[in-house]
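J.: I'd like to ask you about the structure that follows.
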């Protein structure tokens, strides 16, 4: 039978808080030059503390819950695999984030203040959600891209708000097969890109090709009538 104690210990970059039911993480840091592999199917609760990656973090299909800030340093590299990361603070990526088919979820579980994204990040699934009308700051001039599903979720009477980090418009780009689920959301100087699965407005080039096709068809009909007259 496993025994747990109400104490803490630092183990391999983790600060473990032991309780009667198991343990929660109150901090997770991968130091420069270090490598951390999370077991597939495992779950780690950061108890509203930070996840900081300065080395290499391989997440496989693990689940990281209740992170405060997530920081990927310039020396850091995250292979997200099929994992899920849930955070309630800022996302700062100055290193490498390989999204795989992972899901990153922002909510207000640890803070009610604005949550800010910074740096260039390509996500697979990205969720920005709140039950208290939180604000999400989207970086202007950075590449924020979603290749899977972008979910923007507020509640009735408490919509979430997406704002640009500066006076310039901020954009969340969508990959070719991306989808958007948007409910109770206000966009303030933030543009959501259109995936190719959406029906777009025909361009001048499209209309030109269509007109050329019609003209060629009319010319063929006229030529046939002339030959038989």
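J.: Being assigned by TED's automatic domain parsing to the domain that holds residue 186, free of Cβ contacts under 8 Å to residues at least 60 places away in the same chain, surrounded by fewer than 22 Cβ atoms within 10 Å (Cβ to Cβ) and under 18 Å from the mean Cα position of the chain (by Cα): is that true of residue 129 here? Break it down into steps so the answer makes sense when it comes.
T.: Working: assigned by TED's automatic domain parsing to the domain that holds residue 186: yes; free of Cβ contacts under 8 Å to residues at least 60 places away in the same chain: yes; surrounded by fewer than 22 Cβ atoms within 10 Å (Cβ to Cβ): yes; under 18 Å from the mean Cα position of the chain (by Cα): yes.
Considered against the rule, which asks whether it is assigned by TED's automatic domain parsing to the domain that holds residue 186, free of Cβ contacts under 8 Å to residues at least 60 places away in the same chain, surrounded by fewer than 22 Cβ atoms within 10 Å (Cβ to Cβ) and under 18 Å from the mean Cα position of the chain (by Cα), residue 129 comes out as yes.
J.: Given the options 35, 71, 29, name the one that is closer than 24 Å to residue 170 by Cα and either without any contact (Cβ under 8 Å) to a residue 40 or more places away in the chain or not assigned by TED's automatic domain parsing to the domain that holds residue 156 (or both).
T.: On the way: 35 fails: closer than 24 Å to residue 170 by Cα; 29 fails: closer than 24 Å to residue 170 by Cα.
Every option except 71 fails the conditions.
The values are calculated or read from the model by the stated rules, or taken from the named source; none is laboratory data. What you see is a predicted model; the values in this text were computed from it and never measured. Quick reminder, even Gly has a Cβ in these numbers, built from the backbone with ideal geometry, and neighbours come from all protein chains shown.
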